[in-house]
Amino acid sequence: GLGLWQCYGLHWVTLWIAGQYLFGHFSLSHTHTDTVADDKFKNWVEFAVHHTVDINPQNPLINWVMGYLNCQVVHHLFPNMPQYKQPEVSKRLVKFCKENGLQYTVISYWEAWKRTFKNLNEVGDHYFTMG
């Protein structure tokens, strides 16, 4: 069996893996969207729709892998809604956004990773050159 220190080390390794998994999937819907200028004021619906993305909300595998963290626009608009209902609401949100001139962004899982790493690279380059 494992000794005390081996169990302790394994515990911290599993916490690190779980944290990377959760943060990685959380950041896919947020980090690569535009920021809001200080002099711009948007209502909550505009802010949620324009500054967050949903990732394949109609794909059951993505919903499961991401634990419904892929439905962040819907979550921001309806924070108390049970997560398993978010993919159905996203279908209705498409229609609502079209009717009201809002840009509801839905991207693929791999596109989300691509945009997130591109953004991390741009931020890193900025701070490397600008300090």
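The values are calculated or read from the model by the stated rules, or taken from the named source; none is laboratory data. Keep in mind that what you see is a predicted model, and the values were worked out from it rather than measured. Cβ sites come from the backbone with ideal geometry, for glycine too, and all protein chains shown count toward neighbours. Just the protein is used for accessible areas: all its heavy atoms, side chains included, with ligands, DNA and RNA removed. Shrake-Rupley method; radii C 1.70, N 1.55, O 1.52, S 1.80 Å.
Couple of notes before you dig in:
- With respect to the conditions (1) among the β-branched types (V, I, T); (2) within 19 Å of T33 (Cβ to Cβ); (3) within 16 Å of the chain's Cα centre (by Cα), V94 falls short on a single one, namely (3).
- Residue identified as surrounded by 10 or more Cβ atoms within 10 Å (Cβ to Cβ), without any contact (Cβ under 8 Å) to a residue 24 or more places away in the chain and not hydrophobic (A, V, I, L, M, F, W, C) among G3, G19: G19
- Any hit, the stretch 36-49, residues being over 17 Å from Y104 (Cα atoms) and among the acidic types (D, E): yes
- Taking the stretch 35-122 and the helices (runs of 4 or more DSSP H) fully enclosed by it, the elements with 2 or more residues that are of a type in the set (S, T, N, Q) are at 86-99.
- Matching residues, the stretch 70-85, being aromatic (F, W, Y) and either open to solvent by less than 40 Å² (accessible area, probe 1.4 Å) or more than 22 Å from G24 (Cβ to Cβ) (or both): F78
- In the set R115, R92, only one residue is open to solvent by 70 Å² or more (accessible area, probe 1.4 Å) and closer than 14 Å to T52 by Cα; that residue is R115.
- The stretch 23-34 - residue that is open to solvent by 50 Å² or more (accessible area, probe 1.4 Å) and assigned to a helix (DSSP H, G or I) and, of those, farthest from V94 (Cα to Cα): F23
- Set side by side, the residues G67, G101 differ, and just one is open to solvent by 60 Å² or more (accessible area, probe 1.4 Å), of a type in the set (G, A, S) and free of Cβ contacts under 8 Å to residues at least 60 places away in the same chain, which is G101.
- Filter result for N43 (over 11 Å from the mean Cα position of the chain (by Cα), among the polar types (S, T, N, Q), closer than 17 Å to R92 by Cα and surrounded by fewer than 18 Cβ atoms within 10 Å (Cβ to Cβ)): no
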